[in-house]
1. Assuming R0 = 25 Å, what is the FRET efficiency of Arg158 and Asn180, from their Cβ-Cβ distance, to the nearest 0.05?
2. If the only charges are +1 at each Lys and Arg Cβ and -1 at each Asp and Glu Cβ, what is the size of the charge dipole of the chain around the Cα centre, to the nearest 20 debye?
3. Of Leu174, Ser119, Thr108, whose Cα points farthest to the positive end of the dipole of the chain (charges on the beta-carbon: +1 Lys, Arg; -1 Asp, Glu; origin at the Cα centre)?
4. Which one of Pro40, Ala53, Ile65 is farthest out on the positive end of the charge dipole of segment 24-69, using unit charges on Cβ (Lys, Arg +1; Asp, Glu -1) and the Cα centre as origin?
5. Per-residue ellipticity at 222 nm for the chain, helices alone: DSSP H runs ≥ 4 residues times -39500 (n - 2.57), over residue total, nearest 500 deg cm²/dmol?
6. Between Ser119 and Leu103, what length in nm is gained on full extension when 0.36 nm per residue of separation is reduced by their alpha carbon distance?
7. Just to verify a number: what accessible area does Asp46 come out at with the full protein assembly present, 1.4 Å probe, Å² rounded to tens?
8. Tell me, rounded to the nearest percent, the portion of alpha carbon pairs in segment 4-191 spaced more than 29 Å apart.
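The values are calculated or read from the model by the stated rules, or taken from the named source; none is laboratory data. Note that the structure is predicted; figures quoted are calculated from it, not measured. Virtual Cβ from ideal backbone geometry, glycine too; neighbours counted across all protein chains shown. Side chains are part of the model used for accessible areas, which takes the heavy atoms of the whole protein and leaves out ligands, DNA and RNA. Shrake-Rupley method; radii C 1.70, N 1.55, O 1.52, S 1.80 Å.
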Amino acid sequence: MGDGADGAHARGRARVVLLGPPGAGKGTQAQVLSQRLGVPAISTGDMLREAVAEGSDLGGKVQGIMASGALVDDATMAEVVRERLGKPDASEGFLLDGYPRTLPQAETLAGILGDAGLSLSAVLLVEVPEDELVRRTLLRSRADDREEVVRERLRVYREKTAPLIGYYGDRRLLRQINGNRPVESVTAQMLGVFGIEGTEGVVG
Ligand code: AP5
């Protein structure tokens with residue numbers, strides 16, 4: 001296990017960020033890892049989609065932004081995440097899927113954790129070639145999975161989110177994960193970061 005994930009393998013104490021482009025499989029892996037690590041999976045995309053479905057003020061504010069493939073502003077996301085991480089189930093760890101995705105969001109997260117005397121255990125970067133990302137997302141029928149919107153989400157990822165790779169690399173938290181393999185193999189590599197054996201054992 002690398003130094004950035006030290007202490008994170010004890011069940012229920014992992015504080016993990018899943019980083020990667022749209023369609024990389026972050027949500028898919030978050031469900032399985034959440035069970036194995038014993039921490040809640042927190043998807044900001046799912047939270048925003050729920051707000052849209054409920055017709056709340058937040059939902060009304062973000063619906064058009066999400067449909068266009070743009071990012072919701074950092075201040076709104078800070079409020080959403082601060083509130084969610086303050087809930088009791090996140091006190092012993094969490095798996096963040098889709099947050100942070102800008103440098104200011106990464107600073108906000110560091111601040112929220114720092115105020116509680118905590119820090120991240122690891123950031124898992126899920127890497128998948130762009131053609132495969134487009135293929136996967138177009139197989140779904142989510143509102144923002146039309147080809148032109150997927151291309152825009154990828155552009156936004158490269159511009160706003162990819163700088164986090166260097167940010168977390170500098171902090172020795174980044175672990176590169178090959179996401180272009182069967183779901184179980186990706187899970188096994190992720191679990192390996194925490195010293196937990198996956199169903200397939202050790203994979204390269
Ligand atoms: P969000 O919901 O976070 O979408 P995303 O990052 O674009 O990610 P996806 O859900 O498309 O992909 P994923 O990596 O989770 O892959 P998945 O497991 O689903 O955000 C949506 C929008 O909300 C944003 O555009 C923005 O507007 C807003 N938003 C959210 N967070 C925000 C923030 N922090 N700041 C500002 N705005 C924010 O898999 C994709 C498909 O591939 C599935 O069909 C799956 O079955 C399949 N698949 C998964 N793994 C594999 C595999 N190994 N092999 C083959 N197929 C696979």
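1. 0.90
2. 200
3. Leu174
4. Pro40
5. Dividing the helical sum by the residues of the chain leaves -14500 deg cm²/dmol.
6. 4.1 nm
7. That residue has around 70 Å² of solvent-accessible surface.
8. Result for the distance tail: 17 percent.
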